[in-house]
Amino acid sequence: MYVSQLRTNGALRNHGWGLLGLAEQIYDIFVIGGGINGCGIARDAVGRGFSVFLAEMNDLASGTSSGSTKLIHGGLRYLEYYEFRLVRESLMEREVLWANAPHIIWPMRFVLPHHAGLRPAWLLRLGLFLYDHIGGRKKLPATRTLDMTRDPAAKPLKSLYTRAFEYSDCWVNDARFVALNARDAADRGAVVRTRTRVVSARRDAETWTLTLKDGLTGETEEVRARLVVNAAGPWVDEVLTGVVGANDAHNVRLVQGSHIVVRKKFDDPRAYFFQNTDGRIIFAIPYEQDFTLIGTTDQDYHGNPAEVKISDAEIDYLCAAASEYFVEPVKREHVVWTYSGVRPLYDDGASKAQEATRDYVLKADAVEGKAPLLNIFGGKITTYRRLSEHMLEKIEAFLGKRGQPWTAAGKLPGGDFAATAFDAELQKLKTDYPFLDAAHARRLFRLYGTKARTLLGKATSIEDLGKNFGSDLYEAEVRYQIAHEWAVTAQDVLWRRTKKGLHLTADEAAALDRFMEDAVDRRRRLAAE
């Protein structure tokens, strides 16, 4: 049962979403923010023996962590800005993360056409040589040069491009990546609360006292902790001023990145890396079998991060940039979905948004005689695990050392098989559940890995999966997400835990929302009894 309770250190810990009046406990670490960095830190810390409480004001990955280009990559273009440390760390993480979660992370080859008049071929070769050799690549294939007069990758492109370079990075299902880190943290003993806002925090010599408000019921509760980690992403400065009570905070530069999704533009499994005449780059990536993902933009953002959305100018920019390369132009009417994220980049004074560092900065607010506060500025999804390890070094400086670093070899839920064994493991699932059609089985294994068996249980027919909400989304999957992945609304299911929002009609989505409202309410009532 999702709203389960574990007895840890003599205190009951609730793993649900309500504020249920738990027994008094002083936690070692309180994490504000349920994005990739917050969940990664909570997971690493609890795995070392710290007691951890994490609160997220909305859904997991509801901010920046579901608005990425969905790549585990070194960041080839960051070499132009001399971000060698960041690129090397990112490259080293690709195969580590692939091994940790081979169901939601997998290798992808990228085709970089040589565009005459932009970056010269020798510079691209030099950058890709560094890309291949500074990050400890072992399993990912090396860069190669393509003859675009003969290679199938040229088929959807204009005939202007006679040469291209093909290199390796990885794809990640970003929102699920966050949910799996949270699930693993909770399974190891952390308290994870979504829809829970930290409304105030005060500290004395030993502890923080944080007041939490349940966003669904309006109930409030106080929680105490020895140390607070501010992993609020775009809201990190807001937490400092509005929650902690700092007089002023201007640490992050908010940069908007937007993406468009169109019907599939090409059949090749490879992605494209396109250079633009303004010096920026965009990707065109195979997406959810039937679509192509195009992005991203880079522009400063000054509004409320919760209200970010793509602008008309961004849509026009992405369509025009992609149309420079594709034979078939990308037009506004081809766009079936858009999404935007706000990156909380550390403000290094860079003149252009695309030049601002993607590296992370960790800062301690350690007022003498007061409980410590640690803040995270910047970062990217690829380096979240290393960021967490570096944060644990700072935490241990205040709270003392517990366990050793462990996440490099720590499998995420559902990923307990070899990185290269996806197809073999998928075949086992199809054998065990022969009533699933091939596409359905593959989708479930891509999302849940070996946990797909928990979801499917003893089902022997498609009817055993319950109500069909549209496409191949069934009641059993929805109930699994409510029970194990903190899903509360149809939005959580359709756009973060899955991308079935691309396939369901408005009426089907509304029916799912009504079902979930009733199911979640029923679980809350049972938990309160």
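The values are calculated or read from the model by the stated rules, or taken from the named source; none is laboratory data. Computed from a predicted structure; not experimentally measured. Because the Cβ atoms are built from the backbone with ideal geometry, glycine has one as well, and the counts that use them run over all protein chains shown. What goes into the accessible areas is simple: the full protein's heavy atoms, side chains included, and nothing from ligands, DNA or RNA. Shrake-Rupley method; radii C 1.70, N 1.55, O 1.52, S 1.80 Å.
Name the residues in the stretch 134-162 that are outside any loop (DSSP other than H, G, I, E, B) and crowded, with 16+ Cβ neighbours inside 10 Å, would you? Give the derivation first.
The first filter runs over the stretch 134-162 and keeps only residues outside any loop (DSSP other than H, G, I, E, B), leaving 144-147, 152-154, 157.
Selection gives L146, A153, A154, L157.
Does G34 count as within 17 Å of the chain's Cα centre (by Cα), part of a helix (DSSP H, G or I) and at pLDDT 95 or above? Give the steps one after another, and end with the answer.
On the way: within 17 Å of the chain's Cα centre (by Cα): yes; part of a helix (DSSP H, G or I): no; at pLDDT 95 or above: yes.
No.
Out of the residues in the stretch 465-497 that are among the basic types (K, R) and either part of a loop (DSSP other than H, G, I, E, B) or touching an Asp or Glu at 6+ places or on another chain (Cβ under 9 Å) (or both), which is farthest from T420 (Cα to Cα)? Even if it seems obvious, please write down each step before you answer.
To start, the set of residues in the stretch 465-497 that are among the basic types (K, R) comprises 467, 479, 496-497.
From the residues that got through so far, the ones that are either part of a loop (DSSP other than H, G, I, E, B) or touching an Asp or Glu at 6+ places or on another chain (Cβ under 9 Å) (or both) too are 467, 496-497.
Working: K467: 34, R496: 26, R497: 24 Å.
Going through the qualifying residues, I end up with K467.
Exactly one of these conditions fails for D464: (1) open to solvent by 30 Å² or more (accessible area, probe 1.4 Å); (2) of a type outside the set (V, I, T); (3) under 18 Å from the mean Cα position of the chain (by Cα); (4) under 20 Å from L436 (Cβ atoms). Give me its number.
Answer for D464: the failing condition is (3).
Please determine whether any residue of the stretch 171-194 is in a strand (DSSP E or B), over 30 Å from T292 (Cα atoms) and of a type outside the set (A, V, I, L, M). Break it down stepwise before answering.
Residues of the stretch 171-194 that are in a strand (DSSP E or B), as a first pass: 171-172, 191-193.
Keeping just the survivors that are over 30 Å from T292 (Cα atoms) gives 191-193.
Still in the list and also of a type outside the set (A, V, I, L, M): 193.
Looking through the stretch 171-194, at least one residue is in a strand (DSSP E or B), over 30 Å from T292 (Cα atoms) and of a type outside the set (A, V, I, L, M).
Do we find that V172 is touching a residue at least 24 places away in the same chain (Cβ under 8 Å), open to solvent by less than 20 Å² (accessible area, probe 1.4 Å) and closer than 25 Å to L399 by Cβ in this structure? Write out each step before concluding.
Numbers: touching a residue at least 24 places away in the same chain (Cβ under 8 Å): yes; open to solvent by less than 20 Å² (accessible area, probe 1.4 Å): yes; closer than 25 Å to L399 by Cβ: no.
The answer is no for V172.
Output the number of the condition that G379 fails; it satisfies all remaining conditions of (1) at pLDDT 95 or above; (2) surrounded by 15 or more Cβ atoms within 10 Å (Cβ to Cβ).
With respect to (1) at pLDDT 95 or above; (2) surrounded by 15 or more Cβ atoms within 10 Å (Cβ to Cβ), G379 is out only on (1).
If I ask for residues that are open to solvent by 40 Å² or more (accessible area, probe 1.4 Å) and under 23 Å from D300 (Cβ atoms), which ones from the stretch 262-281 would you list? Don't jump to the end; show me each part of the working.
Looking only at the stretch 262-281, we keep the residues that are open to solvent by 40 Å² or more (accessible area, probe 1.4 Å), and these are 263-264, 267, 269, 277-278, 280.
Correct list: T277, D278, R280.
Scan the stretch 257-284 and report the pairs whose first residue is at negative phi and whose second residue is small (G, A, S) and in a loop (DSSP other than H, G, I, E, B), with Cβ atoms within less than 7 Å and a gap of 6+ or a chain change.
Pairs that qualify, where the first residue is at negative phi and the partner is small (G, A, S) and in a loop (DSSP other than H, G, I, E, B), are G257/G67.
Pull up the stretch 8-31, narrow it to residues that are within 25 Å of the chain's Cα centre (by Cα) and at pLDDT 95 or above, then point me to the one that is surrounded by the fewest Cβ atoms within 10 Å (Cβ to Cβ). Break it down stepwise before answering.
Narrowing the stretch 8-31 to residues within 25 Å of the chain's Cα centre (by Cα): 14-18, 29-31.
Applying the additional criterion that residues be at pLDDT 95 or above yields 29-31.
Working: I29: 25, F30: 28, V31: 32.
So the residue we want is I29.
For H259, all conditions in the list (1) assigned to a helix (DSSP H, G or I); (2) open to solvent by less than 30 Å² (accessible area, probe 1.4 Å); (3) modelled with pLDDT of 95 or more hold save one; what is the number of the exception?
With respect to (1) assigned to a helix (DSSP H, G or I); (2) open to solvent by less than 30 Å² (accessible area, probe 1.4 Å); (3) modelled with pLDDT of 95 or more, H259 is out only on (1).
Working only within the stretch 92-133, note down all residues that are aliphatic (A, V, I, L, M), under 26 Å from K155 (Cα atoms) and either under 27 Å from the mean Cα position of the chain (by Cα) or outside any helix (DSSP H, G or I) (or both). Walk me through it before giving the result.
To start, the set of residues in the stretch 92-133 that are aliphatic (A, V, I, L, M) comprises 92, 96-97, 99, 101, 104-105, 108, 111-112, 116, 118, 121, 123-124, 126, 128, 130.
Right, trim to under 26 Å from K155 (Cα atoms) and you get 108, 111-112, 116, 118, 121, 123-124, 128.
Passing the criteria: M108, V111, L112, A116, L118, L128.
Condition first: within 16 Å of S168 (Cβ to Cβ) and aliphatic (A, V, I, L, M). Now tell me which residues in the stretch 73-94 satisfy that.
Within the stretch 73-94, L76, L79, V87, L91, M92 qualify.
Take G470 and tell me if it is open to solvent by 20 Å² or more (accessible area, probe 1.4 Å) and either among the small types (G, A, S) or within 19 Å of the chain's Cα centre (by Cα) (or both).
Numbers: open to solvent by 20 Å² or more (accessible area, probe 1.4 Å): no; either among the small types (G, A, S) or within 19 Å of the chain's Cα centre (by Cα) (or both): yes.
No: the conditions fail for G470.
Quick one: in the stretch 44-67, which of the residues that are open to solvent by 30 Å² or more (accessible area, probe 1.4 Å) and of a type in the set (G, A, S) is nearest to the chain's Cα centre (by Cα)?
As a first pass, look at the stretch 44-67 and keep what is open to solvent by 30 Å² or more (accessible area, probe 1.4 Å): 47, 49, 57-58, 62, 64.
Those left that are additionally of a type in the set (G, A, S): 47, 49, 62.
Details: G47: 20, G49: 25, S62: 9 Å.
Of everything passing the filter in the stretch 44-67, S62 is nearest to the chain's Cα centre (by Cα).
Identify the single condition in (1) at pLDDT below 95; (2) over 19 Å from the mean Cα position of the chain (by Cα) that G400 does not satisfy, given that it satisfies every other one.
Single failed check for G400: (1).
Of the conditions (1) over 22 Å from the mean Cα position of the chain (by Cα); (2) closer than 17 Å to A231 by Cβ; (3) open to solvent by 10 Å² or more (accessible area, probe 1.4 Å); (4) not basic (K, R), E328 fails just one. Which one is it?
(2)
From the residues in the stretch 403-415 that are assigned to a helix (DSSP H, G or I) and surrounded by fewer than 17 Cβ atoms within 10 Å (Cβ to Cβ), which one is nearest to the chain's Cα centre (by Cα)?
Kept after step one, since they are assigned to a helix (DSSP H, G or I), are these residues of the stretch 403-415: 407-409.
Right, trim to surrounded by fewer than 17 Cβ atoms within 10 Å (Cβ to Cβ) and you get 408-409.
Details: A408: 18, A409: 19 Å.
Here the answer is A408.
Take the residues of the stretch 473-493 that are of a type in the set (S, T, N, Q) and in contact (Cβ under 8 Å) with a residue 24 or more places away in the chain: which is surrounded by the fewest Cβ atoms within 10 Å (Cβ to Cβ)?
Applying the first criterion (of a type in the set (S, T, N, Q)) to the stretch 473-493 yields 481, 489, 491.
If we keep only those that are in contact (Cβ under 8 Å) with a residue 24 or more places away in the chain as well, we get 489, 491.
Numbers: T489: 16, Q491: 18.
So the residue we want is T489.
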